[in-house]
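Supplied in structure tokens, the structure appears directly below.
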Amino acid sequence: MPPAPTEVLGAPEIARALTRIAHEILERNKGGADVVLLGIPTRGVPLAERLALRLAEVEPGLDATSLVGTLDVTMHRDDLHRQPPRAIGTTTLPAGGIDGKVVVLVDDVLYSGRTIRAALDAISDIGRPRAVQLAALVDRGHRELPIRPDYVGKNLPTSVSERVHVRVAEIDGDDAVLISQAPVAAETQAEEAGL
């Protein structure tokens, strides 16, 4: 039986990381007037919503709800043939769209970079932003593509045999970043067989 997951970030650390990222977004873009936050489902969406609230707290003229949207990348993934069938999600854009805006993609964990590559393809289907930036709560390394986040909550060096789990209160009931050992092949087969 694998050891219990280890908590590397709790709710206070996640809150501080999101506040810091919000300040960095405003500083880099000289305010939030042209910023749109697109959360990548599943956990990127509530993180984008929280970032929007923080942006609006810092810059009073901003309306948090008009800053945030969701970007479904399912049909742009390059691993669809290897994954079990999945439902296609919805993409929702703020009323002003993304043309000419600075789009900040928001995701929970940055790993190989393939989800972000799919997100870039999805963006090209829906508009032409002035710039695209990336905010990730956790960057765990092991990139397979030349993709680098602009804003990071926590750099978390991991081995390929480890898994990073982000929990958010809106979906999981609490906020935490956990790291665990991936099950070895025999354990995985036993789990799949229901043993």
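The values are calculated or read from the model by the stated rules, or taken from the named source; none is laboratory data. None of the values given here were measured: they were computed from a predicted structure. Because the Cβ atoms are built from the backbone with ideal geometry, glycine has one as well, and the counts that use them run over all protein chains shown. The protein model used for the area step is the full one, side chains on, heavy atoms only, and it has no ligands, DNA or RNA in it. Shrake-Rupley method; radii C 1.70, N 1.55, O 1.52, S 1.80 Å.
Taking the chain as the reference, fit the longest principal axis to its C-alpha atoms, fit the long axis of helix 44-58 to the helix C-alpha atoms, and give the angle between the two in degrees, 0 to 90, nearest 10.
Tilt relative to the chain: about 40 degrees.
A further question on this structure: On C-alpha positions alone, give me the angle between the axis of helix 114-126 and the longest principal axis of the chain, in degrees, nearest 10.
With both axes taken from Cα atoms, the answer is about 40 degrees.
Rg and Dmax of the chain, Cα atoms, in Å?
17.3, 56
Quick one: 3J(HN,Hα) in Hz for the range 30-40, Karplus 6.51/-1.76/1.60 with θ = phi - 60°, rounded, Gly and Pro as x.
6, x, x, 4, 9, 8, 10, 9, 10, x, 9
In the chain, what percent of the accessible surface is made up of carbon and sulfur (1.4 Å probe, ligands and nucleic acids excluded)?
Values: 5410 of 10290 Å².
Looking at the chain in its full context, I get 53 percent from C and S.
Students sometimes get this wrong: rank TYR111, TYR151 by accessible area, probe 1.4 Å, all chains present, largest first.
Numbers: TYR111 80, TYR151 5 Å².
Final ranking, largest accessible area leading: TYR111, TYR151.
Which residue fluctuates most in the GNM of the chain (Cα springs below 10 Å): ALA135, ALA118, ALA52?
The residue that fluctuates most here is ALA118.
What nm distance separates the two modelled labels at VAL160 and ARG128, each placed 7 Å from Cα along Cα→Cβ?
Label at VAL160, label at ARG128, 4.0 nm between them.
Let me ask another. Suppose all protein chains stay in the model; what accessible area per residue would a 1.4 Å probe give for the chain, in Å²?
On the way: 10290 Å² over 195 residues.
Result: 53 Å² of accessible area for each residue.
Highest first, please rank the peptides 31-39, 55-63 by the mean number of other Cβ atoms sitting within 10 Å of their residues. Let's see the in-between values first.
Details: 31-39: 21.9, 55-63: 14.4.
For the peptides 31-39, 55-63, the packing ranking is 31-39, 55-63.
Long-range amide H contacts for VAL104: which residues qualify at under 5 Å (H placed 1.01 Å from N, peptide plane, sequence gap of 5 or more or a different chain)?
For VAL104, the qualifying residues are VAL36, LEU37, LEU38, GLN133.
Please tell me the relative contact order of the range 1-157 in percent, rounded to the nearest whole number, where contacts are Cα pairs under 8 Å and at least six residues apart.
23
Report, in degrees rounded to the nearest 10, the 0 to 90 angle that the Cα long axis of helix 11-28 makes with the longest principal axis of the chain.
40
Could you give me the ³J(HN,Hα) list for the range 91-99, computed from phi with Karplus coefficients 6.51, -1.76, 1.60 and θ = phi - 60°, whole Hz, x at Gly and Pro?
9, 10, 10, x, 3, x, x, 10, 4
At what distance in angstrom do the alpha carbon centres of the range 85-140 and the range 42-65 lie from each other?
Each part reduced to its Cα centre gives a spacing of 16 Å.
Under 1.5 on a/c is rounded, so check that first for the range 42-144, then, if it is not, pick prolate when a/b is larger than b/c and oblate when it is not; a ≥ b ≥ c are the square roots of the alpha carbon gyration tensor eigenvalues. Mind dumping the intermediate values first?
Working: a/c = 1.90, a/b = 1.53, b/c = 1.24.
Prolate, since a/c reaches 1.5 and a/b exceeds b/c.
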